[in-house]
Each structure stands twice: as structure tokens, then as C-alpha cells.
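Trainee: Here's a structure for you.
The values are calculated or read from the model by the stated rules, or taken from the named source; none is laboratory data. Predicted model, so just to flag it, every value in this text is computed and none were measured. A quick note on method: Cβ atoms are made from the backbone with ideal geometry, for glycine too, and the neighbour counts reach across all protein chains shown.
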Amino acid sequence: MAPAPYFVAVVVAATVCWGGSALGNEPLVLGRVACIGDSITYGAYLTSRDTRSYPARLQQLLGPRWVVGNFGVPDQAVGPWTPRAYTQHPSWRAAQEFQPDVVVLLLGTNDGQTRHWRSDDAFRQAAGDLVRAIHRWRRSRPEAGPPHVLIALPPPVFEARYDIQPELVRNHVVLRWCELVAHHQWDVVDTHTPWVNRRERFPDGVHLDESGALALACMIYDALVRPGGPCAGPEDEPVEGIRPRVPTERALDGADWLTEHQQWCEQLRTSSPSELVVCTSWEVATALREATSNAPGLAVLLADGEQAPHVLWRLRHGAWVPQMSSIALCPDFSSGEGVSLPAEAEAWRAIGQHLRRCPGVRSVGWAPRGRLPRTIENCTSFGSTQNAMGEPAIADVRAWARRVAEWLRVRLHDPTSP
């Protein structure tokens, strides 16, 4: 790669530190993720590697309670016989001193250079030794085991540039990684196959553009936070509504959903309310904001569409929830035709149960439209009057919002009230 050959390899390792208050003034760090790789991990040729590289995007997705380190170095390779062996670079020791819980390893592209390639057996041995070396890393906490390693397959190469041969990467490097993870049952995320027909995401035929870096972060994020993943908490139930659904296809097309979600999180973080109301309906959020405009310290935030599962995830892990005494959940479980959505209802129920156990949260209440039950089990649909367009009547929503605002002032300040 010019001026230096670049390649990509990712490994993720995580043994998460849990415990303590999730809602304290200083966020509790749940874990550290070290991203090891070549120029793709480094963020070469991006306008700002500090904010646009895939590790930077991964940090945005995981939130402030995780620390992500970018240990990508351009032109590095797996093979120890090469002059660019990653294990001989200072970043190898820096990654170890970072004390990661999770290591994301994305290496191998530069091993596809003709001057670096030896044989399938040699690469297989070198790659296996690399992962086993990470498994031998020791951490400062006596109870902590070795890092959890996630291997990311090198993306496809479309042009023979920087002495990298596409067929070597495709037919040898990637296949050898696949053989290793299958034999040792290591964790792997396929960051190769989704791009085999996406030449437009590789401006020079080797490196990802900014949308591709975002998509790569989404793929790795999805592998890390899924139930049972290294960045999933021990209390995570396999509730579909709680797991963040990463719109990979939209991300591949450069969607701005992540930017919108980050703005949403920042709004909550900077407002620092003592009371929070989370709504899934734009009409409801608007009416509640009007009804509670004179209530200091009370924030009404909208979590609709694709934001909803991410909001649930953030609430679940307290990634951006400040110190607050009261949280009201205001979900609409209707599909628009009065049909209940049980998966979403179950997700919100799990969130409510979790928040009630969180230190710093004095009360958690439910405020579905039309009635004010004490438990979510009584909430199936808002059932509001509709106008000629089939939308909730504004007057009805505003009247309901005034009732909810009064209920918030009473119940959330006095949890013993009916």
C-alpha cells in the first residue's frame, strides 16, 4: 500500500467488570476493547481517523462506559518472518499494557503481498501462534482471565495494489483464518463476505471508505453485544427488543442513523435531568413536552423507530443515564391497528424490572395512553381516538398528556401514592 502497504485484521477480547452503581456521577467502566490490526483498523485515508475509523465508531456505539483503543498500524502483517510483523511493533506491547477485556483482531491483508507470503501452513501456524499469544496475556486484576478474542476476517481486496494480491487474500488468508476458528472454536465475525460485491466501498480497491468503516464497526458491535457476547451483561435475557439491532445494510449505504442516535444520547447526557420520561410515539413526546414545559429537571425524550432498541440497550446498561431519581416509561405497543406487539412489550417489561434494581433510581413508573396502570401488564395499546387521517387526535393526546404530567408530579415524587 502506498506509501506503506496496509492490511486489516480484527480480534475482540472481553471479560467484563460488572458491579457498582451504573447511575453514579462518574460512569462505571464496564470493559476495555483493544482493536489490533493494520491500516484499516488505523483508519488510513479517512478524513478523520479519530472520529471516522472503525474503532472510533465502535466507541460511539458502545458508549462511554466502554473504553476502545485503536492499536492499528499501517502495513503490519501476521507472519513473524516479515519485516512488518505486528508482534515486533511497539503497538503489540502497548495493546497488552492497555489491559483489554476484549481484543478485536483484524490482520492478514498485508500477508497477501507477494513478498510476504510463504505458504498456507506457514500462515496457519503464525496466525494460530498470534491468537494463542493474546490468550496468554495476564491482566492486573487477579480474578480476570485472559482477554476474549474476536477474529474479524480481512475484507476483500479488489485491485492488485501495494503488492497485495486479491486471490492470495481471498483463497488463502481468509480460508486459513476460517480453518483456524473452526478447529479451535474461536469467536469470529465475517467481515469479508458482505463486501464481495461492494466494490464502491473501497476507493482504492483495498481500504474502506467512511461508510464502510461505519459498517465494519456495526458488524463487530453486533457480534459483541448479542446475548452471550463478550460485551453483553450477565443479566441479559434473550429478549429480542433489548438487543440492539444494527441496520448493517443501511450503514453500508451511508445512513445517518448512528449520528442521530448519538445526538439523542448527548441530549440526555447534557440535560442531566432528575426525572426522565421515555416515549416511543412522536405525538406523545410532543404533547408531554408541552404539558411538562414548566417542570424543572424533567426530560421527555423520544425513542422511535430504529432508535428504540438502542435506547433500551442504553437504559439497560446505564451507558448514558445520569444520576436521576425517577424514570417513567411511556411505550406504545400498538402496531397502529390495535394489535399488541408482545416482543416489544416484553423488552420494556424487562427494562422496567432492571431499572427498579438500579442504585440511584428511586421509582420507575408506567404511563401508557388512556389509563395509568401501576404495571406494564395492564398496558397493551394506547387506543386513542383517531382523526380522519387515522392518526391520534391532537386534542385527545394533549388531554392525556396533561393527565400523565399530573401523574408524574404525584407518583414519581411519592412512590407510595396510588
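Trainee: Determine if the stretch 145-157 includes at least one residue that is assigned by TED's automatic domain parsing to the domain that holds TRP81, assigned to a helix (DSSP H, G or I) and over 23 Å from ASP204 (Cα atoms).
Mentor: No, there is no match, as no residue in the stretch 145-157 is assigned by TED's automatic domain parsing to the domain that holds TRP81, assigned to a helix (DSSP H, G or I) and over 23 Å from ASP204 (Cα atoms).
Trainee: Next question, about the same structure. With surrounded by fewer than 16 Cβ atoms within 10 Å (Cβ to Cβ) and either small (Gly, Ala, Ser) or more than 27 Å from GLN113 (Cβ to Cβ) (or both) as the only criterion, which of ALA85, ALA94 stands out? Talk me through it step by step, then tell me what you get.
Mentor: Numbers: ALA85 fails: surrounded by fewer than 16 Cβ atoms within 10 Å (Cβ to Cβ).
After ruling out the rest, the residue left standing is ALA94.
Trainee: Would you call ASP101 closer than 30 Å to GLU143 by Cα, among the charged types (D, E, K, R) and in contact with a Gly (Cβ under 9 Å, 6 or more places away or on another chain)?
Mentor: Numbers: closer than 30 Å to GLU143 by Cα: yes; among the charged types (D, E, K, R): yes; in contact with a Gly (Cβ under 9 Å, 6 or more places away or on another chain): yes.
Yes, satisfied.
Trainee: Listed residues HIS89, HIS116; which is modelled with pLDDT of 95 or more and either farther than 27 Å from VAL225 by Cα or touching a His at 6+ places or on another chain (Cβ under 9 Å) (or both)? Before the answer, list the steps.
Mentor: Working: HIS116 fails: modelled with pLDDT of 95 or more.
None of the other options fit; the residue is HIS89.
Trainee: Another question, then. Scan the stretch 78-101 and tell me whether some residue there is of a type in the set (A, V, I, L, M) and outside any helix (DSSP H, G or I).
Mentor: First pass over the stretch 78-101, keeping only residues of a type in the set (A, V, I, L, M): 78, 85, 94-95.
Next, from what is left, pick out any that are outside any helix (DSSP H, G or I): 78, 85.
Yes, the stretch 78-101 has at least one match.
Trainee: Residue by residue through the stretch 128-144, note down the ones that are in contact with a helix residue (DSSP H, G or I) (Cβ under 6 Å, 6 or more places away or on another chain) and not in a loop (DSSP other than H, G, I, E, B).
Mentor: If we filter the stretch 128-144 for residues that are in contact with a helix residue (DSSP H, G or I) (Cβ under 6 Å, 6 or more places away or on another chain), which is where we start, we get 128, 137.
Residue satisfying the conditions is GLY128 alone.
Trainee: Any residue that is modelled with pLDDT under 70 and exposed (fewer than 15 other Cβ atoms within 10 Å of the Cβ) - is there at least one of those in the stretch 275-293? Give the derivation first.
Mentor: The first filter runs over the stretch 275-293 and keeps only residues modelled with pLDDT under 70, leaving none.
Checked against the condition, which is being modelled with pLDDT under 70 and exposed (fewer than 15 other Cβ atoms within 10 Å of the Cβ), the stretch 275-293 yields no hits at all.
Trainee: How many residues does the stretch 185-231 contain that are under 20 Å from ASP101 (Cβ atoms), out of contact with any strand residue (DSSP E or B) (no Cβ under 9 Å at 6 or more places or on another chain) and touching a residue at least 12 places away in the same chain (Cβ under 8 Å)?
Mentor: Selection size over the stretch 185-231: 5.
Trainee: Could you list, ordered by first residue, the pairs with Cβ atoms under 7 Å in which the first is in the stretch 166-180 and assigned by TED's automatic domain parsing to the domain that holds TRP195 and the second is surrounded by fewer than 16 Cβ atoms within 10 Å (Cβ to Cβ) and in a helix (DSSP H, G or I), at least 6 apart or interchain?
Mentor: HIS172/ASP120; ARG176/ASP120
Trainee: Does ARG32 satisfy the criteria of being closer than 16 Å to VAL149 by Cα, among the basic types (Lys, Arg) and in the same structural domain as SER211 (by TED's automatic domain parsing)? Spell out how you get there, then give the answer.
Mentor: Details: closer than 16 Å to VAL149 by Cα: yes; among the basic types (Lys, Arg): yes; in the same structural domain as SER211 (by TED's automatic domain parsing): yes.
Yes.
Trainee: Right, something else. Which is assigned to a loop (DSSP other than H, G, I, E, B), at pLDDT 85 or above and either surrounded by 21 or more Cβ atoms within 10 Å (Cβ to Cβ) or not assigned by TED's automatic domain parsing to the domain that holds GLN165 (or both), of VAL206, VAL239?
Mentor: Details: VAL239 fails: at pLDDT 85 or above.
After ruling out the rest, the residue left standing is VAL206.
Trainee: To continue, here is another question. Please count how many residues of the stretch 54-65 are buried (at least 22 other Cβ atoms within 10 Å of the Cβ) and touching a strand residue (DSSP E or B) at 6+ places or on another chain (Cβ under 6 Å).
Mentor: Residues in the stretch 54-65 being buried (at least 22 other Cβ atoms within 10 Å of the Cβ) and touching a strand residue (DSSP E or B) at 6+ places or on another chain (Cβ under 6 Å): 2 in total.
Trainee: Go through the stretch 30-44 and report how many residues are in contact with a Leu (Cβ under 9 Å, 6 or more places away or on another chain) and either polar (S, T, N, Q) or not in a strand (DSSP E or B) (or both).
Mentor: 4
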